Amino acid sequence: MSQFMMNRRRFLSNAALVGGLAATQTFVGIRAGKAADVAEVRMQLGWLASNGLIGEVAAQKKGFFTEQGINLTIVPGGPNVDGVAGVAAGQSTIGQISSSPSVMLARSAGMPVKAFLAGYRKHPFTYFSLKKAPIREPKDMIGKTIATQPTAFILLRALLAQNGIPEDKVKMVNMGSDMNQLLTGQADAVTGWVTNTNALKVLGDERVDMMLWDAGLQLYANVYYTTDEQLDKHSDVLVRFTTAAAKGWGYVRDHPEEAVDMLVDAYPNLDKASELEAVRPVIDFSFGDSTKQTGWGAMNKDNWAAQIKAYADLKQFAGAVPTVDDVATMAILDATTDIRKQIG
């Protein structure tokens, strides 16, 4: 699973560094390439390389970025890499983060970053239980023990608040790196991404899913973001990037097995058999009825407003509560409507 969101305290310390980095470094977001019309674009991942970038890999392999005059470099993240701070400081052109709250929290902490595209039409984060004690809707959590990642406690709190459930009615505990707490009865539910098919195999046919999105907290996943400066000075390059990425994701949908071959070729540490199982869920989260209307990658302001309110109500913002226009722009989406709808 990708890093779900940054710790708020970490945001504060990193936000203080962004100004100094920007002042001492040459801005390297977009540079002239070998030809005058070629843009060098660095894309910083929020975590290690995974199937969340299979569309970009396909677009690279099929030459869609080259067609758009972009030389794309994908920069993997990791547990000690603060990708949002790096993008804010100009070390990369754009970033991809697993979940939309990271952008909201960064903006509140003073980082000049803004989302411009959402790769998944809804978030795959899910609460997993077993049929012998199923949790199918939030009220089923009452009196239960829920194990979740430390960075996802806020999601559980927000979910309970959204559904009018007092926090003292649910026991929240830290989750380990696997599903054992559910299998051994130490917890009634554990959490993870439903696209992580390999990790979920141990639960077998007894698994019951309650997706965060369906339970009332609708976050965006695989969010693409950039800085205010990039939007102001290089919106044309962001439009070209989005066009190529959309075509790449469309190719994945239409040629999933070939796309997996491309992904594993680019990142040999990934297991082909597991990725072949995961590619269908990844496609389902990237495309669906909503994308037929709005196109691949779409976001909307009402959804962002609801997310901001949920986090503001729980006093999660380190600085001022950001507005929708602070955290997201629809300009790149509007400029790529036709191609995104063709792909959707």
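Counted over the range 233-304 with a bin width of 5 Å, the fraction of Cα pairs per bin, in whole percents, is 3, 14, 19, 21, 18, 13, 9, 3, 0. Each of 91, 57, 123 was placed along the dipole of the range 30-139 (beta-carbon charges, centred on the mean Cα), and the one lying farthest toward the positive end is 123.
In the assembled protein chains, residue 235 presents an accessible area of approximately 50 Å² (probe radius 1.4 Å). Straight-line reach from residue 139: which lysines have a Cα under 19 Å away, not including same-chain ones fewer than 8 places off? Output for residue 139: 131, 169, 171. Return the carbon/sulfur percentage of the accessible area of the chain, one whole number, probe 1.4 Å, all protein chains in place. Here it works out to 48 percent.
Database remark: amide H of residue 45 closer than 5 angstrom to the amide H of 75, 77, 96 (H placed geometrically; neighbours at sequence offset of 5 or more, or on other chains; Pro and chain starts carry no H). For residue 229, the solvent-accessible surface with a 1.4 Å probe is about 70 Å², rounded to the nearest 10. 3J(HN,Hα) along the range 272-289, derived from phi through the Karplus expression 6.51 cos²θ - 1.76 cosθ + 1.60 where θ = phi - 60°, amounts to 4, 4, 5, 5, 5, 6, 7, 5, 5, x, 4, 5, 4, 7, 8, 9, x, 4 Hz, with x in place of Gly and Pro.
Quickly estimate the mean residue ellipticity at 222 nm for the chain, helices only: each DSSP H run with n ≥ 4 gives -39500 (n - 2.57), and the total goes over all residues, rounded to 500. Walk me through the numbers on the way to the answer.
Details: 17 runs with 148 residues, N = 344.
When only DSSP H runs of four or more count, the value is -12000 deg cm²/dmol.
Within the range 88-194, report the trypsin sites (Lys or Arg not before Pro) that DSSP leaves as loop and that have at most 11 other Cβ atoms within 10 Å. Can you show the working numbers first?
On the way: sites: 107, 114, 121, 122, 131, 132, 136, 139, 144, 157, 169, 171; in loops: 121, 122, 131, 132, 136, 144.
Taking the range 88-194 and a limit of 11 other Cβ atoms within 10 Å, the loop trypsin sites (Lys or Arg not before Pro) found are 131, 132.
Dipole check for the range 62-172: with +1 at the C-beta of Lys and Arg, -1 at the C-beta of Asp and Glu, and the Cα centre as origin, the magnitude is about 480 Debye. Rounded to the nearest 10 degrees, the inclination of helix 301-313 to the longest alpha-carbon principal axis of the chain is 50 degrees.
Which value, in Å², gives the accessible area per residue of the chain when a 1.4 Å probe is used on the protein heavy atoms?
On the way: 14340 Å² over 344 residues.
Result: 42 Å² per residue.
Against the main long axis of the alpha-carbon atoms of the chain, helix 8-24 sits at an angle near 10°. Counting lysine pairs in the range 245-344 whose alpha carbons fall under 20 angstrom apart, excluding pairs fewer than 8 residues apart on the same chain, gives 6. Counting every C-alpha pair in the range 126-174, the share spaced more than 13 angstrom apart comes to 53%.
The values are calculated or read from the model by the stated rules, or taken from the named source; none is laboratory data. Here the structure is a predicted model, which is why all the values come from computation and not from measurement. Note that each Cβ is placed from the backbone with ideal geometry, even for glycine, and that neighbours are counted across all protein chains shown. Areas reflect the complete protein model, heavy atoms only, side chains present, ligands, DNA and RNA absent. Shrake-Rupley method; radii C 1.70, N 1.55, O 1.52, S 1.80 Å.
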